[in-house]
1. What chymotrypsin sites (Phe, Trp or Tyr not before Pro) does region 30-87 have in DSSP loop regions with at most 13 other beta carbons within 10 Å?
2. Can you give me the distance in nm between label points at residue 47 and residue 169, each placed 7 Å from the Cα along the Cα-to-Cβ direction?
3. Can you flag which of 29/53; 29/113; 29/132; 34/65; 53/124 are past 22 Å Cα-Cα?
Amino acid sequence: MVIHLLGIFTEIPWTRGREMEKLLLENKKVILEKWEDSILESYAHDTFVIFKKQKNPFANPVGHKVRTGLEELYDVLCEPSDNEVLTPYLEQLISLRAVQEISASSAVSFVFKLKYIVRQELTKKTMTGSYKEWLAFDARIDAAALAVFDMYMASRERINRVRISETTSGRGLVIAGGCPSGLLRHEKGKKSKSPSVQSG
């Protein structure tokens, strides 16, 4: 999967050396923390606490996928580049969202939440910026949302194909104990390529 994050909704390029780019990188940790919370807070409070405190990826695969997927997407959004970027961690996060009982709009809405978080944090740093800088970054987020939506729909399609295959073959819940995420891993194991996002 390839998408150009530059110039889709605006002709204003996202170039290196902007004041906003500098502040986005300087405040990366706090912005990612709040962005992560915006997803994990949808879970019950006790679950939220576990996801936040447990950093071991094997003991906390959900929290790990959220954390690494968001960081990967954030880096793509902040980096002015014409190179194609593979996003395996983002794909894992979207695959996780695809097996949850939530609507497509809810599954990808976390991308747009970044706009509010960035504005909240950067205005604290007296970053008012030019209208063009904000417009350029907003356009990148909008473009990223389109890429994420395509990833989500591709994941849902894979899940449905596996379920139909299992039903028609009569194997039912044999593979991966019937776990949707396990079925998805089984199907994706047949594929050698990951979707990618191009940031330029």
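Just so you know, all these numbers are worked out from the coordinates, no wet-lab data involved. Here the structure is a predicted model, which is why all the values come from computation and not from measurement. Using ideal geometry, Cβ is built from the backbone for each residue, glycine included, and neighbour counts are taken over all protein chains shown.
1. 58
2. 2.9 nm
3. Distance filter (> 22 Å) returns 29/132; 53/124.
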